[in-house]
Amino acid sequence: MPTELLPAPPSPTAGPRHLTRRDDRRVVARKSLVVPRRSGGPVVVGLVHLLCLGLIVLGARVEFLRNSIRLDEAQSLWQTNHSYGELLRIIAEDVHVPLYHVLLRTWRLTLGPDVQTARLLSLVFLLAAVPVFYLVARKVLSRPWALFALVVFSCSPFLQWYGNEARMYSMLVLVTLVSQYFFLTVATTGRTAAWVGYAATAAVGVYVHYFFVFVLVAQGLYVLLLWRRLPRASVVRMAGVALLVGAAYLPWFLWFRANGSASETRPSLPEPSSIDYSNVYSQFLFGFQSDTVNSVLLSSWPLLVLAALASVRVGARLDRSTAYLLAAAFVPVLMAFVVSHLVTPFFLSRYMIAALPALLLLLVRFVSSLTRPVARGLAAALLGVTVLSTVVQAASPETPVDEDYRTAAQLVEDGATPRDLVVLSSPFTVYPFEYYYDGAARVTTLPVWDRQGPAPAFDSAQLPADVDSFAQGHQYVYLLLSYDQGYEDEVYQYFDRHLERAASHRLSPGMQLLVYRVGYSEAPPAGELVVPAD
């Protein structure tokens, strides 16, 4: 028998020496078929990324960037119109942290002051979040399912809305995803570079939004639950990251305390109920829908939960990736719910947007675990509902978060004269209204606010005197009701009982412009006379 020798390194085109020329050609042919399949992976990933970026830009261009300025956006513009030093003082008196506002001021100084320019910064953050979301998805999903999750993420109505609003929420999503990528990398590899990235992201994140602290707490709790399975160095490093974050946040905390701890500007919010808790996840998945649609969605949650429980195999062990997604999707929102009851109410779905990516990944991971026909059917349904929800949210006049200050200002400009008065309730709505308003009638607020200090609290006993002062020397009073701080109905009822309503305009859900005659005038105000049923 011949002696078997170690083969020489093969050339790129040559087959093994014992093969015939025909066999050699077959091997090369097979390789030519295999190579494109292997190289096609990155191409597909790149094309899906381009598709997702295009979907986000298309949504912004078609609808969201054309929306009227909203109250929160007007606050962002007003705050960033000040110098950097004054801006830090204003933010310290508010309920936010300063990083986004500093970046927004710099962005506006460079590119322009209008609201569309400010919204573009939020859009940039959302676009940057697309590849990071895919990297996080690949930590817990196969490549096809990670790409599917990326498409759902890019079509999300909730993300589309806040990715086109001049606020810090898309930036919060981006920094949360970066944190999750480094955290999952640390959990699987323990590399020093990943720890450095995780610590740096944590220090940055606490300056983006207060809610980011709940993201870090959820990660910390996950480590504590698994500390026996983790190397001791991981627990020690996690404690070191916590100390670093505390040291990084300390200067702002001292500045915040020195400026009153936002004691005069905290929003007046009710304590959240269990319905509010469920509504957060409904908005995460379906965006902002009308009250009728939202009621149907909320009523279907028990059925969805039962279906999910029925599909889980009895005795199946929860893997670490799924356990982390559960913690990241539900623990921060639950903590916000508890703190809103124990300390002060601040339970708003936009504050908790950092939990949305983990929820989407958890949902896709659940779908991917089912049998292939069921998984494909549910995936198609999920994507279809997501796209439909985004379209309805953008096109429906009943979208509850629409704030049409532009039309309100235009109506007043067309109808009001110098002898009329515009009254805005509540005081902070003066900023979005005046962004568009350039009319002849004077503008005031209820309660009356001179804008030199914190807005005054509403006083029922003072309301009659305020209304009498509004009526003196004027022909018509234009009352804009657009942001309920707990007294809007009382104001509406008092005006309707004591003054003659001349016209009424419903502008968007929760916003109406009422015109009252307080003096004699032969000419009616602009707009059709409408006497709606109370």
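Screening 154, 179, 122, 76 for residues that are of a type in the set (S, T, N, Q), within 29 Å of residue 224 (Cβ to Cβ) and assigned to a helix (DSSP H, G or I) leaves exactly one candidate, 179.
Pick from the stretch 194-229 the residues that are among the hydroxyl-bearing types (Ser, Thr, Tyr) and outside any helix (DSSP H, G or I): which of them is nearest to residue 353 (Cα to Cα)? Of everything passing the filter in the stretch 194-229, 210 is nearest to residue 353 (Cα to Cα). Looking across the stretch 130-170, the residues that are out of contact with any Lys or Arg (no Cβ under 8 Å at 6 or more places or on another chain) and of a type in the set (Phe, Trp, Tyr) come down to 133, 134, 148, 153, 158, 161.
Number of residues in the stretch 93-141 that are within 22 Å of the chain's Cα centre (by Cα) and farther than 19 Å from residue 172 by Cβ: the value is 5. Residues in the stretch 370-398 that are part of a loop (DSSP other than H, G, I, E, B) and out of contact with any strand residue (DSSP E or B) (no Cβ under 8 Å at 6 or more places or on another chain): 370, 371, 396, 398. Contact map, the stretch 457-474: residues that are within 13 Å of residue 445 (Cα to Cα) paired with residues that are in a helix (DSSP H, G or I), Cβ distance under 6 Å, separation 6+ or inter-chain. Pairs shown: 463/494. Scanning the stretch 275-295 for residues that are modelled with pLDDT of 90 or more, surrounded by 12 or more Cβ atoms within 10 Å (Cβ to Cβ), not in a helix (DSSP H, G or I) and not charged (D, E, K, R) turns up at least one hit. Cβ separations smaller than 7 Å between residues 6+ apart or across chains give the following pairs from the stretch 92-108 residues that are touching a residue at least 12 places away in the same chain (Cβ under 8 Å) and over 18 Å from residue 74 (Cβ atoms) to residues that are hydroxyl-bearing (Ser, Thr, Tyr) and part of a helix (DSSP H, G or I): 102/84.
For the stretch 399-418, name all the residues that are modelled with pLDDT of 90 or more, surrounded by 18 or more Cβ atoms within 10 Å (Cβ to Cβ) and not in a helix (DSSP H, G or I). Across the stretch 399-418, the qualifying residues are 403, 404, 416.
If I filter the stretch 328-349 for residues that are surrounded by fewer than 20 Cβ atoms within 10 Å (Cβ to Cβ), at pLDDT below 75, over 19 Å from the mean Cα position of the chain (by Cα) and not in a helix (DSSP H, G or I), do I get at least one hit? No, there is no match, as no residue in the stretch 328-349 is surrounded by fewer than 20 Cβ atoms within 10 Å (Cβ to Cβ), at pLDDT below 75, over 19 Å from the mean Cα position of the chain (by Cα) and not in a helix (DSSP H, G or I).
The residue that is modelled with the highest pLDDT, counting only those in the stretch 505-534 that are surrounded by 13 or more Cβ atoms within 10 Å (Cβ to Cβ), among the hydroxyl-bearing types (Ser, Thr, Tyr) and within 19 Å of residue 417 (Cβ to Cβ), is 516.
Among the conditions (1) surrounded by fewer than 21 Cβ atoms within 10 Å (Cβ to Cβ); (2) modelled with pLDDT of 95 or more; (3) closer than 24 Å to residue 434 by Cβ, the only one that residue 122 does not satisfy is (1).
Residue by residue, here is whether (1) free of Cβ contacts under 8 Å to residues at least 40 places away in the same chain; (2) over 30 Å from residue 66 (Cβ atoms); (3) out of contact with any Lys or Arg (no Cβ under 8 Å at 6 or more places or on another chain) holds:
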site	(1), (2), (3)
426	no, no, yes
436	no, no, no
445	yes, no, yes
479	no, no, yes
505	no, no, yes
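The residues of the stretch 443-468 that are surrounded by 13 or more Cβ atoms within 10 Å (Cβ to Cβ) and not in a loop (DSSP other than H, G, I, E, B), listed by number, are 443, 444, 445, 462, 463, 466, 467. Applying the criterion of being out of contact with any helix residue (DSSP H, G or I) (no Cβ under 8 Å at 6 or more places or on another chain) and not small (Gly, Ala, Ser) to the residues of the stretch 41-56, the residue that is nearest to residue 121 (Cα to Cα) is 50.
The values are calculated or read from the model by the stated rules, or taken from the named source; none is laboratory data. For clarity, every value in this text was computed on a predicted model and none was experimentally measured. Here Cβ is always computed from backbone atoms with ideal geometry, including for glycine, and neighbour counts include all displayed protein chains.
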